[in-house]
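The values are calculated or read from the model by the stated rules, or taken from the named source; none is laboratory data. Small disclaimer: the values here were computed from a predicted structure and weren't measured. When we count neighbours, we look across all protein chains shown, and the Cβ atoms used for this are built from the backbone with ideal geometry, even at glycine.
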Amino acid sequence: MSEPLLRATNLVKEFTIRGTGLLGRAARLRAVDDVSLEVRTGETLALVGESGSGKSTTARLIARLIDTTGGAIEFAGREVHALTGKDLHAYRGEVQVVFQDPYSSLNPKHTVERIVTAPLIYQKRPVPGGARAFTRELMERVGLNPDHSARFPAQFSGGQAQRIGIARALAVSPKLIIADEAVSALDVSVQAQVINLLRRLQDEEGFSYLFIAHDLAVVRQIATRVAVMNEGRIVETGDRDQVFGDPQDPYTRKLLAAVPRIRPEWDAARRRNERARRERQEAGA
Amino acid sequence: MSTATRDEQPLLRVRDLTVGFTTAAGETNVVKHLDFDLARGGALGIVGESGSGKSMTSLAVMGLLPKGAKRTGSIELDGTELTTLRERQMQAVRGDRIAMVFQDPLSSLNPYYTVGTQIMEAYRSHRTGVTRRAARKIAIEAMERVHIKDAARRVDHYPHQFSGGMRQRVMIAMTLSMEPDLIIADEPTTALDVTVQAQILDLLAEIRRDTGAGLILITHDLAVVSEVADHIVVMRDGDLVEQGPAERIFCDPQADYTRMLLDAVPRIDDEIGLLRTTSTEETR
Amino acid sequence: MIRFLVNRLLGMAVVLFLVCLFTYVIFFVLSPDPAVQICGKNCTPEAIDQLRANLGLDRPFWAQFWTFLTGLFAGRTYGTGANAIECAAPCLGYSFQTSQPVTDMILQRLPVSATVAIGAAVLWLLAGVSAGLLSAVKEGKFADRFITGLTLTGMSIPNYVLALSLQFLLVVTLGWLPFPQAVPFSEDPAQWFANFLMPWIVLSIGAAAVYTRLTRANVIETLQENYVRTARAKGLSPGLVWRRHALRPALTPIVTIFGMDFAGLLGGALITETVFGLNGVGKLAADSITKNDQPVIMGVTLLAAFLVVVGNMVVDLLYTAIDPRVRVGSAT
């Protein structure tokens, strides 16, 4: 196995939760507690957990949006913590984040063109083929109508706005995309479309995902490997089918058992009925 | 009314329910000509994506629509027409005969009062001549019934001292204290973690079993509704797409929209492949 | 809880110390030499030096500041020998122009300022909160728009314009109120009340306008809260929903700003007291500024700062008592 693209070792993040007075010790909350993980090139590592598990904090540490309390992050062989100036700039280009709420993470006063080309301009990189053509191409790739490049985020539906967020991440051709609950706020039909899009883009581009989510059914559709977090720690890591099919940790088992499910026999019956319907239609036609 | 007809009569009978708003752009209906029945002791699931009108339907039944909303059609509870009741009479129905559980338990509880006070006040406003002491006992019992440990002490705690799941239990205890005929739960587990969701769904099932109350579960989650409801109404953009027994809806959906929804749901235990979706997404 | 209190008190002490320091720097370092002013026109450099030595003005800044601070707690003596002047604690300074300790001058006038402040506060609280409630109930209707218009007027009229026009209208033109003359309450309660009525009105109008708007906004916002919907879903009567679930959360923030506003007003209402000839702390400040009586100006400034800091503290404690989220930590 080759060197992983990203390797986080013994990550720790503590927050001060109270005690800002002159007296009294500040209480500390350990949101991320000794977390180690690897993301390999071209794979999707899903980080799952319930609220307060520390999964989003871990994502922010890796994106260097907040500083670590302890531990090391290595990306493509370089120590992320030590990056400054130009190197840090380059890192921000190689690692992109797609957030949960597309509307609040896109500037409402900017057009799609401006939003999508902003990462390049911020990095002082040329826009290949000019801003207009570049935007049109990106919009097509994420399944948006390229004629809408002069529109504002509010003119798009939730799923479309999330596609804009994805296009923005793609603009700098990143090696790693951190999707932080990127499909959680979407309606189920739109969610399915965005999941399909994320998978297709990965097949085409070969980048990696760090996919943060609380929804295990969604994770199962997209992950190569899964890391389960609980109370700041990773309790289990493994290949997707192994974690879902043969969970080792009691917490993982509890989590999986709690997922509501449509009865498999109902699904089977539906598929039978669906086939019968199609056959009837074909026979009729 | 004889007992025979009473048994045949559904607990809730909704006919031609339409909810509309008058805006600058004109009249828009968010619920259109909705018909459904809820059998006595039954569990009805209303499923739909955002903007389907499912929450407006529940508020229309409660008579709690926002200002400016217009409601037409008929809503009968146990043979009593609710739409023609005066506000005062409707107050007697709310909480007492129809109780409601909302999505976000933290913001749905008043941060300034203990949970006990909030459970008691419903009881005391519906039952006259109840002493504080008696109401408090009812509150503690209700909290015990939703499995809140140490209820006698917890009754004096404030909402922020409870976890998300415990707060939703408090909300359910509030409805239980009144022994309502019908509980409407509007996305009761959407704001909760999956393990907590499972507990709350179990609790709702247990309460139905023990009290025989009817349940309307409003949700966007097809898996959740498949576990809870025996009858399902699918809504989209205010329209009734289709309705029927749960097994029929899940095994042999008739409407294209229902089939699309069922295809789009990611499964925890079924094949993994491209999720089937409709080809186009709506444009705003 | 005790730790919270100790923390707050310590913080307050630090703030008050800084206030003292800054005020002292402004008045004694950046202003003209007090010795020159005291000495008068026909003064020799020797006489000034003598005075400076007497007053301790020749000592380094920190030494002078230290004397000032200890004076606050233990009193101090100005000069030496037969000319020595005793200034008892809390010594805020000594006015050489009037030959009185500043503390005494302030204490004499504090009751008048307190009367003005309390009356005005009661008035604006009653008027502001009730107008705000009415406005919120009638949101969008005529009464609401009328009240909103009034508040705009109330906020934009300067105090002195209002004071002078009220005086002209009520006393001179209409003759509804007697001409103000200072009488103690025990002697002629009616005249006493009439004296204070106009300052109360003048001072309360601006604040009442602000409180009206705040109350209105808070109530309307609270009515949108999910827990108000829950209260209605429980079948509570509209009155109960209002009283229990809308008013308390909506009025809590009012307590916060009320404490601050009231404390600020206790420190003297400069313009209003001057216009109505009320001998309060504000008038004292105005007079001292005219006469450039620096120890008095500084004393009044310190008092005002002290009141605001204490007011802030009281508000914090009140808030803790009112809001269970602050009072009781989460225990999950």
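Here C:Leu9 passes the criteria (1) at pLDDT below 70; (2) under 21 Å from the mean Cα position of the chain (by Cα) except the one numbered (1).
Yes or no, residue by residue, for (1) away from every other protein chain (no Cβ under 14 Å); (2) touching a residue at least 40 places away in the same chain (Cβ under 8 Å):
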site	(1), (2)
A:Ile17	no, no
A:Thr69	yes, yes
A:Ile73	yes, yes
A:Ala90	yes, no
A:Pro102	no, yes
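Residue pairs whose Cβ atoms lie under 7 Å apart, sitting 6 or more positions apart in sequence or on different chains, and linking a residue in the stretch C:238-253 that is more than 8 Å from chain B (Cβ to nearest Cβ) and closer than 24 Å to B:Glu87 by Cα to a partner that is buried (at least 17 other Cβ atoms within 10 Å of the Cβ) and of a type in the set (A, V, I, L, M), are C:Val241/C:Val228; C:Val241/C:Ala231; C:Ala246/C:Val219; C:Ala246/C:Leu223; C:Ala246/C:Val228.
Here's the yes/no breakdown for (1) crowded, with 17+ Cβ neighbours inside 10 Å; (2) over 29 Å from the mean Cα position of the chain (by Cα); (3) modelled with pLDDT of 95 or more; (4) under 28 Å from A:Asp187 (Cβ atoms):
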residue: A:Ser208; (1), (2), (3), (4): yes, no, yes, yes
residue: A:Gln221; (1), (2), (3), (4): yes, no, no, yes
residue: A:Pro247; (1), (2), (3), (4): yes, no, yes, no
residue: A:Arg272; (1), (2), (3), (4): no, yes, no, yes
residue: A:Arg275; (1), (2), (3), (4): no, yes, no, yes
residue: A:Glu279; (1), (2), (3), (4): no, yes, no, no
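The set of residues from the stretch C:140-178 being more than 27 Å from the chain's Cα centre (by Cα) and surrounded by 15 or more Cβ atoms within 10 Å (Cβ to Cβ) comprises C:Asp144, C:Val171. Looking for something of a type in the set (Phe, Trp, Tyr), modelled with pLDDT under 95, farther than 30 Å from C:Leu251 by Cβ and touching a strand residue (DSSP E or B) at 6+ places or on another chain (Cβ under 6 Å) - is there at least one such residue anywhere in the stretch B:23-39? No.
Of note, A:Arg141 does not satisfy the criterion of being within 14 Å of another protein chain (Cβ to nearest Cβ) and basic (Lys, Arg).
Being farther than 30 Å from B:Met120 by Cα and aromatic (Phe, Trp, Tyr) is a property that C:Tyr211 has.
Checked against the criteria, B:Met171 counts as more than 14 Å from chain A (Cβ to nearest Cβ) and at pLDDT 90 or above. Scanning the stretch A:155-170 turns up one or more residues that are of a type in the set (Phe, Trp, Tyr) and either under 18 Å from A:Ile115 (Cβ atoms) or facing chain B (nearest Cβ under 10 Å) (or both).
Residues in the stretch A:116-135 that are within 13 Å of A:Ile164 (Cβ to Cβ) and either in contact with a Pro (Cβ under 8 Å, 6 or more places away or on another chain) or not in a helix (DSSP H, G or I) (or both): A:Thr135 alone. Those helices (runs of 4 or more DSSP H) of the stretch C:260-332 in which at least 1 residues are hydroxyl-bearing (Ser, Thr, Tyr), touching a helix residue (DSSP H, G or I) at 6+ places or on another chain (Cβ under 8 Å) and buried (at least 17 other Cβ atoms within 10 Å of the Cβ), considering only elements entirely within it, cover C:270-275, C:281-291, C:294-322.
Residues checked against (1) closer than 19 Å to A:Pro174 by Cβ; (2) surrounded by 15 or more Cβ atoms within 10 Å (Cβ to Cβ); (3) modelled with pLDDT of 90 or more:
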{"position": "A:Thr68", "(1), (2), (3)": "no, yes, yes"}
{"position": "A:Ile73", "(1), (2), (3)": "yes, yes, yes"}
{"position": "A:Leu83", "(1), (2), (3)": "yes, yes, no"}
{"position": "A:Phe99", "(1), (2), (3)": "yes, yes, yes"}
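Within the stretch B:54-93, the only residue that satisfies the criterion of being within 18 Å of the chain's Cα centre (by Cα) and among the basic types (Lys, Arg) is B:Lys54.
Quick check on the stretch A:28-43. Is at least one of its residues assigned to a strand (DSSP E or B), within 30 Å of C:Ala13 (Cα to Cα) and at pLDDT below 90? Among the residues of the stretch A:28-43, at least one is assigned to a strand (DSSP E or B), within 30 Å of C:Ala13 (Cα to Cα) and at pLDDT below 90, which makes the answer yes. Does the stretch B:68-78 contain any residue that is of a type outside the set (Lys, Arg) and touching a Gly at 6+ places or on another chain (Cβ under 6 Å)? Checking the stretch B:68-78: not a single residue is of a type outside the set (Lys, Arg) and touching a Gly at 6+ places or on another chain (Cβ under 6 Å). Somewhere in the stretch A:203-217, is a residue among the small types (Gly, Ala, Ser), in contact with a helix residue (DSSP H, G or I) (Cβ under 6 Å, 6 or more places away or on another chain) and either assigned to a strand (DSSP E or B) or within 13 Å of chain B (Cβ to nearest Cβ) (or both)? Yes, some residue in the stretch A:203-217 is among the small types (Gly, Ala, Ser), in contact with a helix residue (DSSP H, G or I) (Cβ under 6 Å, 6 or more places away or on another chain) and either assigned to a strand (DSSP E or B) or within 13 Å of chain B (Cβ to nearest Cβ) (or both). Within the stretch B:70-93, the set of residues being in contact with a strand residue (DSSP E or B) (Cβ under 8 Å, 6 or more places away or on another chain) and either aromatic (Phe, Trp, Tyr) or within 14 Å of another protein chain (Cβ to nearest Cβ) (or both) comprises B:Leu77, B:Leu82, B:Val93. Within the stretch B:175-197, being part of a helix (DSSP H, G or I), within 14 Å of chain A (Cβ to nearest Cβ), surrounded by 20 or more Cβ atoms within 10 Å (Cβ to Cβ) and of a type outside the set (A, V, I, L, M) holds for one residue alone: B:Gln197.
If we scan the stretch B:250-266, do we find a residue that is surrounded by 22 or more Cβ atoms within 10 Å (Cβ to Cβ), within 12 Å of chain A (Cβ to nearest Cβ) and among the small types (Gly, Ala, Ser)? Yes; the residues of the stretch B:250-266 include at least one that is surrounded by 22 or more Cβ atoms within 10 Å (Cβ to Cβ), within 12 Å of chain A (Cβ to nearest Cβ) and among the small types (Gly, Ala, Ser).
Taking the listed residues B:Val224, B:Val233, the one that is outside any helix (DSSP H, G or I), over 25 Å from B:Met120 (Cα atoms), within 14 Å of the chain's Cα centre (by Cα) and not hydroxyl-bearing (Ser, Thr, Tyr) is B:Val233, with no other qualifying. Within the stretch B:14-58, being without any contact (Cβ under 8 Å) to a residue 24 or more places away in the chain and not in a strand (DSSP E or B) holds for B:Ala24, B:Ala25.
Of B:Ile200, B:Ile216, B:Ile172, all but one fail to be in a strand (DSSP E or B) and under 14 Å from the mean Cα position of the chain (by Cα); the exception is B:Ile216. Take the conditions (1) buried (at least 18 other Cβ atoms within 10 Å of the Cβ); (2) modelled with pLDDT of 85 or more; (3) not aliphatic (A, V, I, L, M); C:Pro238 misses just one of them, which is (1). If C:Phe185 satisfies every condition in (1) in a helix (DSSP H, G or I); (2) in contact with a Phe, Trp or Tyr (Cβ under 6 Å, 6 or more places away or on another chain); (3) not aliphatic (A, V, I, L, M) but one, which is the exception? Result: C:Phe185 passes all but (1).
Of C:Thr230, C:Thr212, all but one fail to be within 26 Å of the chain's Cα centre (by Cα), buried (at least 21 other Cβ atoms within 10 Å of the Cβ), β-branched (Val, Ile, Thr) and under 28 Å from B:Asn110 (Cα atoms); the exception is C:Thr212. Yes or no: A:Pro174 free of Cβ contacts under 8 Å to residues at least 12 places away in the same chain, of a type outside the set (A, V, I, L, M, F, W, C), part of a loop (DSSP other than H, G, I, E, B) and surrounded by fewer than 22 Cβ atoms within 10 Å (Cβ to Cβ)? The answer is no for A:Pro174.
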